[in-house]
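Novice: I'd like to ask some things about the structure below.
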Amino acid sequence: TSPKDILEKPRQFVGREALQTRITNLIQNGDRVLLQGFGGTGKTALAAMVAGHWLEGGGGPVLWVKAGSETAETLFEALARPFDKQQAIAAAVGDSKRQAIRDVLENCGAKLLILDDVWDGQALKDVLQVALPSMPVLVTSRQSYPLEGEIVKVGKLLPEEALSVLRVYARDQFEGDSEAAELCKM
């Protein structure tokens, strides 16, 4: 419910402002968005920043689940856990399980669902099928999965953004260093 609650939010975020604005606009319109890119490109940090802006802008509570390679069944229970409903989800079977998780999502108060680091396409498909159509969903993954919405590629930083990151983490040691600027162009 607060940007301070987002564990994945980086202490300092440099670059990707245009991408962050684009993603924020998409989820504010109720879209489903997949952030896809290689490991280490900042997909999770970007999702955390978008979630922070969502909360600061009064968008409402965010439900964040680190998906990994978990099955849909495990993800359903994880989605229900913050509301102490995981036992009910675990006990339900078939269509009643899907309806039970949909009821949890409908009544939990969350206004944005984030599925971070998705590795299992079938699990993603199953969760998206029970997610409320009115709830925007933001997914991060190394893989590209079909979804009804927008797939946003998170690639390498622009050279000037890469140089800014280098300066931040090297504590301005490379200010005015032309070799550092050349390195960041690669």
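The values are calculated or read from the model by the stated rules, or taken from the named source; none is laboratory data. All values derive from a computational prediction rather than experimental measurement. So basically every Cβ, Gly included, is an ideal-geometry build from the backbone, and we count neighbours across all protein chains shown. Please note that ligands, DNA and RNA were not included when accessible areas were found on the heavy atoms of the full protein model with its side chains. Shrake-Rupley method; radii C 1.70, N 1.55, O 1.52, S 1.80 Å.
Novice: What FRET efficiency, computed as 1/(1 + (r/R0)^6) with R0 = 30 Å and r the Cβ-Cβ distance, is obtained for Asp84 and Lys4, rounded to the nearest 0.05?
Specialist: 0.85
Novice: While we're here: In square angstrom, what is the accessible area per residue of the range 40-80 with a 1.4 angstrom probe?
Specialist: Details: 1480 Å² over 41 residues.
The answer is 36 Å² per residue.
Novice: Separate question: Mean separation of Cα pairs under 8 Å and 6+ residues apart, divided by the residue count of the range 1-127: what relative contact order is that in percent?
Specialist: Taking the mean separation of contacting Cα pairs over the length of the range 1-127, I get 29 percent.
Novice: Hey, which of these cross-link pairs are over 28 Å Cα-Cα: Lys4/Lys66; Lys9/Lys97; Lys66/Lys156; Lys111/Lys156?
Specialist: With Cα atoms farther than 28 Å apart: Lys9/Lys97; Lys111/Lys156.
Novice: Which aspartates and glutamates have a Cα less than 20 Å from the Cα of Lys125, not counting those fewer than 8 places away in the same chain?
Specialist: Reachable aspartates and glutamates: Asp31, Glu70, Glu73, Glu77, Asp95, Asp103, Glu106, Asp116, Asp117, Glu148, Glu150.
Novice: Count the net charge of all other residues whose Cβ sits under 15 Å from the Cβ of Val152, scoring Lys and Arg as +1 and Asp and Glu as -1.
Specialist: +2
Novice: Debye calculation, C-alpha points only, no solvent: report log10 I(q)/I(0) for the range 76-131 at q = 0.16, 0.19, 0.26 Å⁻¹, in the same order as the q values.
Specialist: Listed by q, the Debye log ratios stand at -0.45, -0.65, -1.17.
Novice: Place a +1 charge on the Cβ of each Lys and Arg in the range 124-165 and a -1 charge on the Cβ of each Asp and Glu, then give the dipole magnitude about the Cα centre in debye, rounded to the nearest 20.
Specialist: Numbers: 4 positive and 5 negative charges, 33 e Å.
Here the range 124-165 has a charge dipole of around 160 debye.
Novice: Also, quick follow-up: Using only the Cα atoms, work out Rg/Rh for the chain, with Rh taken as the Kirkwood radius, to two decimals.
Specialist: Looking at the chain, the ratio lands at 1.04.
Novice: How many percent of Cα pairs in the range 12-69 exceed 16 Å?
Specialist: Details: 718 of 1653 pairs.
That tail contains 43 percent of the Cα-Cα pairs.
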